[in-house]
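Participant: Quick one: this structure, given as structure tokens, is what I'll be asking you about.
Derivation of every value follows stated rules applied to the coordinates shown; laboratory data play no part. Because the structure is predicted, anything quoted here is derived from the model rather than measured. Every residue, glycine as well, gets a Cβ built from its backbone with ideal geometry; the counts of neighbours run over all protein chains shown.
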Amino acid sequence: MRNDLTIYDQVADKWWSDEIRWVRTLKNLVPGRLTWMDRQIDWAGCSALDLGCAGGFMAEALDDRGAAVTGIDPAAEAIAAARAHAQQAGRSIRYDVGAGEALPYPDAGFDVVVCVDVLEHVQDLARVLAEVSRCLRPGGLFLFDTINRNPLARLATITVAEDILGLLPKGTHDPDMFIKPAELRAELQHAGLVPGRFTGLGPRGLTRRLDLTFGPLPLTAILYMGAARKPKDVA
């Protein structure tokens, strides 16, 4: 089975335990993403939606930066784990169960939408981006990452990461759902968003547990991050 989204619920009870290597990999991606995303926005005081938040790694990092955070994900058990962890720490993050194709939020409700490790999994990319655009305030920012579609990306993310190294469970991704940057730019524009700069994301080092750490890279051939803005003059 490809694009297996049940994996997030299956490990929800251990999401914050650091016991599972592939979950630690997802956690280690957050600082690398924010190394670049922090340059795009001042989070303090922003209303932020973490679209596809899973167990809450990115949501808590944004909360640490002073954003008012809402997280949403279709994985109900992962959302329960995220909610419990936030409550234990006294965080005021709101968590909802739901999908990107039908966000349960009013128009123009967020200053920023963050969507990481998600776009290559959704069933209707155009609809998700339309919903992101609808929920952003005029001038609001969409920050994302996803996986390029080409033989090198397939080799790196499936053959190496899933099948050989076990950085992700086998079947996590469907390579046919990967998205070329030019395709994503076109879809963003169709949704009424103005694409900005894209940059690569990839391994930069190792932890003491020999887990990979990540950060921005110049090449977008495998993983890439980007930003798109909703025009200020949109009603």
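Participant: For the chain, what does -39500 (n - 2.57) per DSSP helix run (n ≥ 4), summed and divided by total residues, give at 222 nm, in deg cm²/dmol to the nearest 500?
Facilitator: Numbers: 7 runs with 67 residues, N = 235.
Rounded to the nearest 500, it is -8000 deg cm²/dmol.
Participant: Still on this structure, I have one more. Based only on other Cβ atoms within 10 Å, what is the fewest-to-most ordering of S133, S17, S47? Write out the running numbers ahead of the final one.
Facilitator: Working: S133 22, S17 10, S47 16.
So the residues, fewest neighbours to most, are S17, S47, S133.
Participant: Right, another one. Quick one: which residues, 5+ away or cross-chain, put their amide H under 5 Å from the amide H of L217? H built at 1.01 Å from N.
Facilitator: G200, L201, G202
Participant: For segment 78-93, in order, what is each residue's ³J(HN,Hα) by Karplus, 6.51 cos²θ - 1.76 cosθ + 1.60 with θ = phi - 60°, in whole Hz (x at glycine and Pro)?
Facilitator: Whole-Hz 3J(HN,Hα) from phi for segment 78-93: 5, 5, 4, 5, 4, 5, 5, 5, 5, 5, 4, 8, x, 7, 9, 5.
Participant: Would you order H121, H190, H173 from fewest to most other beta-carbon atoms within 10 Å of each residue's own beta-carbon? Show your work: numbers first, answer last.
Facilitator: Values: H121 20, H190 12, H173 23.
Placing the least packed residue first, the sequence is H190, H121, H173.
Participant: Over segment 1-118, what is the relative contact order in percent, taking alpha-carbon pairs closer than 8 angstrom and at least six residues apart? List each step's numbers first, then the result.
Facilitator: Working: 172 pairs, mean separation 34.6, N = 118.
The normalised contact order for segment 1-118 reaches 29 percent.
Participant: Would you mind computing, in nm to one decimal, how far apart the modelled labels at Q189 and D107 are, each placed 7 Å from Cα along Cα→Cβ?
Facilitator: According to this spin-label approximation, the distance is 2.5 nm.
Participant: If you look for lysine pairs in the chain that are eight or more places apart or on different chains, how many of them have Cα atoms under 28 Å apart?
Facilitator: Values: K14/K27; K14/K170; K27/K170; K27/K180; K170/K180; K180/K230; K180/K232.
Going through the chain pair by pair, I get 7.
Participant: Here is a follow-up. Which ³J(HN,Hα) values in Hz, rounded to whole numbers, follow from the phi angles of segment 215-228 under the Karplus curve 6.51 cos²θ - 1.76 cosθ + 1.60, where θ = phi - 60° and Gly and Pro get x?
Facilitator: x, x, 9, x, 9, 9, 5, 10, 9, 9, 10, x, 9, 9
Participant: Taking the Cα centre of segment 7-229 as origin, sum charge times position over the Cβ atoms of Lys and Arg (+1) and Asp and Glu (-1), and report the length of that vector in debye to the nearest 20. Can you show the working numbers first?
Facilitator: Working: 23 positive and 28 negative charges, 135 e Å.
The dipole of segment 7-229 has a size of about 640 debye.
Participant: May I pose another question? Scan (i) 42, 39, 30; (ii) 49, 42, 32; (iii) 55, 33, 30 for the value of Cα extents along the principal axes in Å calculated from this model and give just the label.
Facilitator: (ii)
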